[in-house]
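The values are calculated or read from the model by the stated rules, or taken from the named source; none is laboratory data. For clarity, every value in this text was computed on a predicted model and none was experimentally measured. Positions of Cβ are generated from backbone atoms using ideal geometry, with glycine treated the same way; all protein chains shown enter the neighbour counts. Just the protein is used for accessible areas: all its heavy atoms, side chains included, with ligands, DNA and RNA removed. Shrake-Rupley method; radii C 1.70, N 1.55, O 1.52, S 1.80 Å.
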Amino acid sequence: MYRVILMFALLLSGCQSKPAPDAGWTAFGKGYYQLSDAWPGQSQQILQQVIWLDEQQQQQQFIISALLQPEAVLLIAISPLGQELWRLNYQPDHQLTVSGMAPFNQPEFAKTLLAQMQIALFSEEKVRSRLLQLTIQQSANERGLYDKDGKQLLQITNSAQLAVGQSITITAPIYSLKITTLQQDFLP
C-alpha cells in the first residue's frame, strides 16, 4: 500500500513539473511559461519596426503589424518592400495558426516568440502568475527571466513600453530583437 501511495505521489509531482502542451505552456530552459490567449489591455493595433540579430550577427529588419484584442492576437510581419513574411494568430483555447517563412512558421518557434513578447509587454505580476519553475526579476529598466538554477534565459530592456517612439530589446540565447513602436491606435 505504501508503494502505491508513493508511486501516485511521484506521478502527481511529475505531472505538475511538466504541464500539458495543449494548455499553452512553452518551455524556457528547465521551466515553463503559460501563454495568455487574450490581450489583457485595451484593444489596439500597433505598427513596430523589428531589428533581428542572430547568433552569427546577421541582421534582418521587418515591420510587424500587431492586432491585440481580448479575443485574439494577430501578428503579421512585413518586409521593407511590403511583402508578407509570416503570420501568427493566437486565439482562445490556445489555438495557434502560423504561416510564412521559417522559422516563424514552426509552431514551437512561434509560441516561443509569442511568449517572449508577452513576457516583455505584460505587467510583472501577470508574467509571474504564468511561470512554472521560472522566476522573473525586475529593476527600473531591466527584466530578467531565470530558471530554477539561476541561469538567465531572457533579458528585456524597457519592458512594457508600447508608446510611439519607445523601444524594447529582448535578448535570448540565440538572437536579440529590438522592437520600436512606430504607430499605436486604440480600438473601441
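LEU153: surrounded by 17 or more Cβ atoms within 10 Å (Cβ to Cβ), closer than 14 Å to ILE119 by Cβ and in contact with a Leu (Cβ under 7 Å, 6 or more places away or on another chain), yes or no? Taking the combined requirement at face value, the residue satisfies it. Listed by first and then second residue, the pairs linking a residue in segment 68-94 that is farther than 23 Å from PHE186 by Cα and surrounded by 16 or more Cβ atoms within 10 Å (Cβ to Cβ) to a residue that is at pLDDT 95 or above and of a type in the set (Val, Ile, Thr), with Cβ atoms under 9 Å apart and 6 or more places separating them unless they lie on different chains, are LEU85/ILE76; LEU85/ILE78; TRP86/ILE76; TRP86/VAL98. The set of residues from segment 156-166 being within 16 Å of GLN118 (Cα to Cα), open to solvent by 30 Å² or more (accessible area, probe 1.4 Å) and not aliphatic (A, V, I, L, M) comprises THR157, ASN158, GLN161.
Say whether the condition of being under 13 Å from the mean Cα position of the chain (by Cα), of a type in the set (A, V, I, L, M) and modelled with pLDDT under 95 is met by at least one residue in segment 121-142. Within segment 121-142, one or more residues are under 13 Å from the mean Cα position of the chain (by Cα), of a type in the set (A, V, I, L, M) and modelled with pLDDT under 95. In summary, GLN137 fulfils each of the numbered conditions (1) out of contact with any Gly (no Cβ under 6 Å at 6 or more places or on another chain); (2) surrounded by fewer than 13 Cβ atoms within 10 Å (Cβ to Cβ) with the single exception of condition (1).
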